[in-house]
Each structure stands twice: as C-alpha cells, then as structure tokens.
Amino acid sequence: MNNYTRRDFVQTVGLAAASLAVLPQVFAQDKPKTKIAFVGVAHIHTPGFISLVNSRDDLAVKAVWDHDQARAEKRAKELKSRAVSDVNEIWNDPEIKAVVICSETNRHLELVLAAAKAGKHMFVEKPLGITAKDSFKMADAIEQAGLLFTTGYFMRTDPKHLFLKEQVAKGN
C-alpha cells in the first residue's frame, strides 16, 4: 500500500488533470487550420468577429474582400491576412472552405448566391436579406448546395433567453 499524503494525492491528480487539459491542444497543433475568408467587412460587429477569429487556433483567414479596398486592407491587417480586390479570388480558391459575410445588407443577395455557387460554407451577419423574397432565394441556394450556414442571431442560444422562452411557452 502506498503511503500517499493528501498533498501527494492532490499534486498527482492536479498534474494528471493539467496533462489532460493540454492534451487536446498538443494534438491540435498537428491539425491543419481551416482556411476562411471575410467577404465584406462593413458591419458594426466585424471587429468582434475579427477578435474571435484571431483567438482561434483552428482557423486561418486567407483573404479579405470588401468593395471599399481601404476597409478591406485595414481589416486584413488586423487578421494577419491579405486584402484582395477581386472577390472571385475567394470564390475560386479551393483552400477557402467558408466565408464570413459582414457586408452591407443590400449586398448580401449577390454575395450569398456567389458563395453558394462556389460551395463555401457561410456565416452571414443579420439580417440575411432586405426582403423575404431575397431571403428565400438565398436560403434555397444554400440548401440546394448542401452548405453549412448560420446568421448572426447569437442571442438565440443565450441561456437567459432560452429560459425566458421556456417560461413564456409554459404560460408563466
């Protein structure tokens, strides 16, 4: 029988727990990063998305496009990426698997349809479209292409909002 003291036990378990905590990061270092692109960087939440993407070890931003080249260059620098002047560079790049569309809403239809045609998974900032007709057209193109897609309604999964929704559904 081992004569472990409480301190020995805590140190051993602590070391084992710490090893398990960093183990996924060690293996993740060998995993290639998913390459994405930003298409349009005009939305007010763009800086937050840039911060989020920059904090992730599993993503690399290969390109940034915006119809305003100066804005694209500014955001590309923040993303340690490069600005492209022709959005077709993004659509035609097989390494880019997904796009973050943070353009002005009146540009969403054209960009989402192009992304769907190019087979790029998408995060599109809200609202998806200006009209229901445009939104349904985009949704159909995304569905037909079999792509992963979401809009920026992140508050839908906020625990407080889920609780409130549940309470309303119960009639409380």
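Points to keep in mind about this one:
- Region 42-69-region 107-172 distance, computed between alpha-carbon centres (Å): 19 Å
- For Glu104, the residues 5 or more places off, or on other chains, whose built amide H falls under 5 Å of its own are Ala42.
- Region 45-91, relative contact order in percent, only Cα pairs under 8 angstrom and at least six apart counted: 35 percent
- Note on Lys117: lysines with a C-alpha under 25 Å away, same-chain residues under 8 apart excluded, are Lys33, Lys35, Lys62, Lys97, Lys126, Lys133, Lys137.
- Derived scalar couplings ³J(HN,Hα) [region 110-121; Karplus, 6.51 cos²θ - 1.76 cosθ + 1.60; whole Hz; x for Gly, Pro]: 4, 6, 5, 4, 5, 5, 5, 4, 7, x, 9, 5
- For a label point 7 Å along the Cα-to-beta-carbon line of His45, residues of region 150-172 with backbone N under 11 Å: 150-157
- Spacing of the two label points (7 Å from each Cα toward its C-beta) at Thr157 and Ser85, in nm: 3.9 nm
FYI, it's all coordinate maths here, none of it is from the lab. Keep in mind the model is a prediction, meaning the values are calculated, not measured. Methodologically, a virtual Cβ is constructed for each residue, glycine included, from the backbone with ideal geometry; neighbour enumeration extends over all protein chains shown.
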